[in-house]
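Written below as structure tokens is the structure these notes are about.
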Amino acid sequence: MANPTRKKLFIKTYGCQMNVYDSARMADVLAPLGYTATETAEEADMVILNTCHIREKAAEKVFSDLGRIRPLKNAKDNMIVAVAGCVAQAEGSEILARAPHVDIVVGPQAYHRLPEMVARATRAREQVLDTDFPAEPKFDHLPAPRADGPTAFLSVQEGCDKFCTFCVVPYTRGAEYSRPAADVLREARILVGGGAREITLLGQNVNAFHGEGPDGSTWTLGRLIRALAEVDGLARIRYTTSHPRDMDDDLIAAHGEVPQLMPFLHLPVQSGSDKILAAMNRGHTADDFRRIVDKLRGARADIALSSDFITGYPGETDKDFDETMELVGDVGFVQSFSFKYSPRPGTPAALLKPQVPDDVKTERLHLLQQVLDAQLRAFNTSCVGSTFDILLTNPGRYPGQIVGRSPYLQAVHVMADPKHIGSIVPVKVVSVEAYSLGAVWADNETKAASA
Ligand code: 5AD
Ligand code: SF4
């Protein structure tokens, strides 16, 4: 569109990295309409809440935020309020009924149609609901992404066919879909051309990737990673989130064979009890998980692991929980996310009886988090004195300070000139903060971190 009127767009992102990626793509798709980003809803001509439905708290937050936006909308003539993401997908018409000031409800598979929805909402002043799963993939209709700094996300896979009994994702994000490898490679080259040095491949079940290869065969994630490693200038590759069932031997081998593939893996296990894992429909046992970890460490000795855990799944006994604690002790994670089980409407586990009482869930969560936190601190402390390469990503909080990213995904502070942002530099770790490391640039030990 020539000379579009300048308008401000505020997007609030809840939940996972998939949503962070989708928010950026929604901004891209709306840019030709004249929308540029703003940091506050007060300034905005359009507000998008990109929502998460994974746990009850996340979903309820959307309605309280919508309540806060209502007076802003009433005070302005033409403000557009849109709800996107998984709450939109799951509760579309209920949102329009509960919050009549919402103009657009758009599911994750329909973002490419946002410009049309905006036009309908403004011209016809009607509420627009689009939560269809289109026959043609939305990726074909989204503009090419732009690199925004040295790290970038690249969505390669969406949806999930695993149907873990606690999880809404197969319902909100739909069936598994993998993008053709050629599209992924083209997008990676564009991102690298725009300055990205590190790309994180995204998917709800990223290692279930089975995209069409340029030769017509089906490519696995391992194959895709090996091809991405050939992209000139792409120094680092990561992928998230994975399922233990899809950790095939070739992908594991890639960790030992592809130097660009970073030695950090987020591999959710949820529980260490075989009984609970079976009830969750995870399709593997605790020992299967241990074997995968052994193989990964066989391929890449320094690989650091992170995971997701749920406490208080229906039927979880003290013994089951002890088995989770045992698994955590056996494996040793460097960073983890843990949650109280939250019954989600429409999922099989929500109907199970008896549910675990909330105080038991909470107590187990605290016990688990204490151990996971101690493991995180022990790992960070063990890094002191070691030297590794970090990718300098952005200015730090203090003058002269730059934040970088370690191979193990830790935030690392060093003193360096901002002109080095985007470079990968060797540093020696000298201190540990709560959730980050302090380091000196190994070539220049006088540049000690002040934090
Ligand atoms: N309750 C609690 N945690 C959940 N997760 C997914 N669904 C639920 C639920 N109903 C957690 C899982 C998953 C992570 C993204 O969120 O641990 O790996
Ligand atoms: Fe949800 Fe399980 Fe699919 Fe992960 S694998 S998105 S937890 S259903």
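Expressed as a whole number of Å, what is the distance separating the alpha-carbon centroids of region 171-244 and region 1-62?
After rounding, the separation between the Cα centres reads 24 Å.
In bins 5 Å wide, starting from 0, what share of all Cα pairs of region 1-68 does each bin hold, as a percent?
With a bin width of 5 Å, the distribution comes to 4, 17, 24, 23, 16, 10, 4, 2, 0.
Please sort through the DSSP H helices of the chain and keep those with an alpha-carbon extent of at least 27 Å along the long axis and a Kyte-Doolittle average not below -1.0.
On the way: long enough: 56-75 (30 Å, -0.65); 358-382 (35 Å, -0.50).
Both cut-offs are met by 56-75, 358-382.
For region 7-130, with only Lys/Arg (+1) and Asp/Glu (-1) charged at the beta-carbon, what is the dipole magnitude about the Cα centre, in debye rounded to 20? Mind showing how you got there, number by number?
Details: 16 positive and 16 negative charges, 27 e Å.
That gives region 7-130 a dipole magnitude of about 120 debye.
Report, in deg cm²/dmol and to the nearest 500, the calculated mean residue ellipticity at 222 nm for the chain, where each DSSP H run with n ≥ 4 adds -39500 (n - 2.57) and the sum is divided by the residue count. List each step's numbers first, then the result.
On the way: 12 runs with 151 residues, N = 451.
Helix contribution divided over all residues of the chain: -10500 deg cm²/dmol.
So what does Ser217 come to for accessible area, using a 1.4 Å probe and Å² rounded to 10?
Looks like 40 Å² after rounding.
Just name one of Val356, Ile303, Thr131: the one whose Cα is farthest towards the positive end of the charge dipole of the chain (beta-carbon charges, Lys/Arg +1, Asp/Glu -1).
Thr131
Quick one: dipole size for region 138-381, taken about the Cα centre, charges +1 on Lys/Arg Cβ and -1 on Asp/Glu Cβ, in debye to the nearest 20. Kindly include the intermediate steps, with their values, before the conclusion.
Numbers: 27 positive and 34 negative charges, 90 e Å.
Using only the charged Cβ atoms, the result is roughly 440 debye.
Using only the alpha-carbon atoms of region 232-373 as identical scatterers, what base-10 log of I(q)/I(0) does the Debye formula give at q = 0.11, 0.19 Å⁻¹?
With one equal scatterer per Cα and no solvent, log10 I(q)/I(0) is -0.44, -1.09.
Of Val414, Leu437, Thr393, which is farthest on the positive side of the dipole of region 387-450, counting Cα position, with +1 on Lys and Arg Cβ, -1 on Asp and Glu Cβ, and the Cα centre as origin?
Thr393
What number, in percent, do you get for the relative contact order of the chain if the mean sequence gap of Cα pairs under 8 Å and at least 6 apart is divided by its residue count? Write down the numbers at each step before the final one.
Details: 923 pairs, mean separation 41.7, N = 451.
Worked out over the chain, it gives 9 percent.
Under 4.7 Å Cβ to Cβ, no partner at all: give me those cysteines from the chain, in residue order.
Cys16, Cys52, Cys86, Cys160, Cys383
Per 0.36 nm of contour for each residue apart, how much would the distance between Arg98 and Phe337 grow if the chain were fully extended, relative to their Cα-Cα spacing? Before the final figure, lay out each step's value.
Working: separation 239, 0.36 × 239 = 86.04 nm, distance 3.17 nm.
Extra length available between Arg98 and Phe337 comes to 82.9 nm.
Please report the net charge: other residues with Cβ closer than 12 Å to the Cβ of Ala253, K and R +1, D and E -1. Write out the running numbers ahead of the final one.
Numbers: positive: Arg223, Arg226, Lys295, Arg300; negative: Asp248, Asp249, Asp250, Glu257.
Taking every Cβ under 12 Å from that of Ala253, the sum is 0.
Run the 1.4 Å probe and let me know the accessible area of His413, rounded to the nearest 10 Å².
30
Given a Förster radius of 35 Å and the C-beta distance between Phe133 and Asn78 as r, what FRET efficiency does 1/(1 + (r/R0)^6) yield to the nearest 0.05? It would help to have the intermediate numbers written out before the result.
Working: r = 30 Å, r/R0 = 0.87.
Rounded to the nearest 0.05, the efficiency is 0.70.
Quick one: compute the contact order of region 258-417, relative version, from alpha carbon pairs under 8 angstrom and 6+ residues apart, as a percent.
On the way: 226 pairs, mean separation 33.2, N = 160.
21 percent.
Taking a cut-off of 18 Å between Cα atoms, list the lysines near Lys57, but don't count ones fewer than 8 places away on the same chain.
Lys12, Lys340, Lys361
If Rh is defined by the Kirkwood formula over all Cα pairs and Rg also comes from Cα, what ratio Rg/Rh do you get for region 291-402? Please report the intermediate quantities before stating the final value.
Details: Rg = 18.3 Å, Rh = 16.8 Å.
Radius of gyration over Kirkwood radius for region 291-402 works out to 1.09.
If each of Ala229 and His366 carries a label point 7 Å out from its Cα toward its Cβ, how far apart are those two points in nm?
4.6
Calculate, for Glu42 and Arg189, the FRET efficiency according to 1/(1 + (r/R0)^6) with r their C-beta to C-beta distance and R0 45 Å; round to the nearest 0.05.
So, using R0 = 45 Å, E works out to roughly 0.70.
Below 8 Å between Cα atoms, with a sequence gap of 6+, how large is the relative contact order for region 1-138 in percent? Don't skip to the answer; put the middle values down first.
On the way: 239 pairs, mean separation 29.4, N = 138.
Relative contact order, region 1-138: 21 percent.
On full extension of the chain, what length is gained from Ala119 through Ala411, given 0.36 nm per residue of separation minus the C-alpha to C-alpha distance? Mind dumping the intermediate values first?
On the way: separation 292, 0.36 × 292 = 105.12 nm, distance 4.20 nm.
Result: 100.9 nm gained on full extension.
List the aspartates and glutamates whose Cα sits under 19 Å from the Cα of Lys7, skipping any in the same chain fewer than 8 residues away.
Correct list for Lys7: Asp28, Glu39, Glu42, Glu43, Asp45, Asp77, Asp103, Glu116.
What does the accessible area of Arg125 come to, in Å² to the nearest 10, when a probe of 1.4 Å is used?
Here the residue's solvent-accessible area equals roughly 150 Å².
Extension gain Ser382-Arg70, at 0.36 nm per residue separation less the Cα-Cα distance, in nm?
Extending this stretch completely gives an extra 107.4 nm.
The values are calculated or read from the model by the stated rules, or taken from the named source; none is laboratory data. What you see is a predicted model; the values in this text were computed from it and never measured. Every residue, glycine as well, gets a Cβ built from its backbone with ideal geometry; the counts of neighbours run over all protein chains shown. The protein model used for the area step is the full one, side chains on, heavy atoms only, and it has no ligands, DNA or RNA in it. Shrake-Rupley method; radii C 1.70, N 1.55, O 1.52, S 1.80 Å.
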